[in-house]
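So the structure is just underneath, and the comments pick up after that.
The values are calculated or read from the model by the stated rules, or taken from the named source; none is laboratory data. The shown structure was predicted, so the numbers you read here are calculated from the model rather than taken from an experiment. FYI the Cβ positions are ideal-geometry reconstructions off the backbone, even for glycines, and counts take in every protein chain you see.
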Amino acid sequence: MRRDAVLEIGCEEIPARFMPDALSSLRALAGDLLSRERLKFDRLVAYGTPRRLVLYISNLNDTQDEAVRQVRGPAKRVAFDESGKPTKAALGFAKAQGIPVEELVIRADERGEYVYAELRQPGESAAVVLGKVFPRLIGSLPFPRTMRWGDSEMRFVRPVRWLLALFGNQVVEFEVDGVSSGDITFGHRFLSPGPVRLGRAEDYVATMRGLSVLVDPAERRESILAQASRLAAQAGGRVVAGDDLLSEIVFLCEHPRGMLGRFDREFLSIPRAVLTTTMEKHQRYLPVEDESGRLLPCFIAFRDGGDLNIEGVTRGNERVLRARLSDARFFYDEDRKIPLEGYLDRLSGIMFLGGLGTVRDKVDRLVRLVEHLARQLGVSDEITGIAKRAALLCKADLATNMVREFTELQGVMGREYAISSGEDPGVAEAIFEHYLPRSSDDALPGSPAGAILSIADKADTIVACFLAGLEPTGSQDPYALRRQASGIISTIVAQSLKLSLGDLVGVAARGLLQQGLSGESPQDLDERVLDFMAGRLKGYLLERDVRYDLVDAVIAAGFDDIAGAVKRAYALKDFSGKEEFQLMATGFTRAANIAGTVAEAPVDESLLVEDAERALYGAYVEAARRVRDLARRDDPAEMIRAFAELASPIDRFFTEVLVMAEDERIRRNRLNLLAGIAALMKGVADMSKVVVKSG
């Protein structure tokens, strides 16, 4: 027989940002624990609200599956005589295992045939097993931050107040940190206060809905969107609902109730980004816009509760937003009284990183680094001028009132104030774009000047942090250097920029060292940063489904040209699915291994005495000619095809020719040929890193 089971962990309010990962972990850990305990089920679902974490198990077996343990005994030839009758050894082994000798089985392995006893252990009841599993599950749930609460010995995200645990209509008995499980749950704190006894696990979701708690986050999300759309339509608009804010609202409410609030139309003169940031980030309100995408003077807020005094609650939210927007308008008006360039001197009073000077010092470095990058990339004087001007002004908004109050608007307000100060639109856009990408799924800089400044800014920050000993360690990355490194790689690839990573890092390091900020050897600093960048490039390629060994092969061949390395990786990935890839990989790896450290030297054709080596040499000469031409055209895909044409001649060479000939001159000549072949592919991939499939 099968029944449903439910575990509800009742807590004080859990931070909304913790909930999505917590529910994923709850489901994954539960599935693993139940599988280990041989408990079969149809489906696992994790629900959650601010006050509860819920695991719902559908169609769980009444008992564990039977466990079978194999115990090896004596060899068959010892256990049975020539007529097949059991010997004393077999009888003694069966008696020791507590089974009749007739139940012994014979199994063969690499060591021969042996007698085995199959010991069967009946499964325990599901309720008993769950009583062991649930406490382990609760104790193993990971959260970004936990602590001990009161006299508690267990670390948890918030104090546990109750535990509901049912298998069908049976209570699953256990205790966690002084809290005993039972059949009691609690409804909404205000709409359905007090304890409620649950009769069956199967009734859990419906019962909670009756107690004004929507335990399913998907159901709450649907309710929030439906209410928001209806309220926005009342205002003649449509709701602006980002996924992050929606997720946060979902986990701030057990019973979401929407309300339509309004604010003075005059506030619409404030830049849209300021309005939406104030509403979304600071108040968790959903903005409303008209069909053309212009904001309307209204918003949608949600409370965790019902209709009681909803008008008063709406007015209260309106007052709060009005005060926020009044502050924002004051900051905006005050900031524009001086041009953006007027804030530069104030950057001298803002520290960049401990021991690494001020933000103004960083700006001076960026101007020089941007000029160097523009020269290396060969961009026009116009783009260079825009990039340099943007570099000078890109951090100026950090000294403004608005950004000091709303730090997430850095770059956004820089663009706004640049435009209002009469700066070139390209400068304004580059100021905004230099912060991109701000996350893995964010947009990349779209303009050449923005891309150059973005790369320069991130490179300076990465090198500065390494200089200060602030590089990432394990899961700790307080300055988001991994994200910034990935941003550099993504921007270079997206814009197909032909620049030297080593040069970029070296110039950035010299800029810091010239300001007297450290006595570290520039070479040591460069090597540490480049190793870090290699790791980020590896991650970038793995995320795009390039096989790990192909990634290693490409990076080992060099990654100074990031865009080129990525292009080589994609070309190698595409070719790796072809039949000739394995033969090519094997041949080039063998050639490199045998040639060893032999320096590339000319091949003497007169010493090529075997047909196979003459054929290989002819193919090599033709391939080398093609590869040189293809390298100039930056076409790694065709280069790899040229290499592949050497696979068969290489294979024939190793089959028919003895490389280590007795004649030293012939032996040396053959090694020179192999060294030349190995060197041919070194600029594309180190094939010794490729995992060749056997068979």
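For the residues GLY502, GLY469, GLY511, GLY446, the requirement of being over 19 Å from the mean Cα position of the chain (by Cα), surrounded by fewer than 20 Cβ atoms within 10 Å (Cβ to Cβ) and assigned to a helix (DSSP H, G or I) singles out GLY502. Looking across the range 419-472, the residues that are touching a residue at least 40 places away in the same chain (Cβ under 8 Å), of a type in the set (A, V, I, L, M, F, W, C) and over 18 Å from LEU501 (Cβ atoms) come down to VAL427, ALA430, ILE431, LEU436, ALA449, ALA468, LEU470. For the range 655-670, a residue qualifies if it is surrounded by fewer than 18 Cβ atoms within 10 Å (Cβ to Cβ) and assigned to a helix (DSSP H, G or I), and the qualifying residues are THR655, GLU656, GLU664, ARG665, ARG667, ARG668. Candidates are the residues of the range 28-45 that are under 16 Å from GLY139 (Cα atoms) and surrounded by 17 or more Cβ atoms within 10 Å (Cβ to Cβ); the one that is nearest to the chain's Cα centre (by Cα) is LEU29.
Close Cβ contacts (under 6 Å, 6 or more residues apart or on different chains) running from residues in the range 601-620 that are buried (at least 20 other Cβ atoms within 10 Å of the Cβ) to residues that are among the basic types (Lys, Arg) comprise LEU608/ARG614.
So, ARG284, is that one more than 34 Å from the chain's Cα centre (by Cα) and not assigned by TED's automatic domain parsing to the domain that holds MET19 or not?
Working: more than 34 Å from the chain's Cα centre (by Cα): no; not assigned by TED's automatic domain parsing to the domain that holds MET19: yes.
Criteria not met by ARG284.
Which of the residues belonging to the range 551-585 are closer than 22 Å to SER440 by Cβ, touching a residue at least 60 places away in the same chain (Cβ under 8 Å) and hydrophobic (A, V, I, L, M, F, W, C)? The answer is VAL554, ILE562, ALA563, VAL566.
Residues in the range 111-136 that are within 30 Å of ASP4 (Cα to Cα) and among the charged types (D, E, K, R) were compared, and the one that is surrounded by the fewest Cβ atoms within 10 Å (Cβ to Cβ) is ARG120. Of everything in the range 80-110 that is part of a helix (DSSP H, G or I) and either touching a His at 6+ places or on another chain (Cβ under 7 Å) or hydrophobic (A, V, I, L, M, F, W, C) (or both), the residue that is surrounded by the most Cβ atoms within 10 Å (Cβ to Cβ) is PHE93. Only residues that are among the aliphatic types (A, V, I, L, M) and part of a helix (DSSP H, G or I) were counted in the range 333-352, giving 2.
Looking across the range 569-621, the residues that are of a type in the set (Ser, Thr, Tyr) and farther than 16 Å from ALA557 by Cβ come down to THR586, THR597, SER606, TYR617, TYR620.
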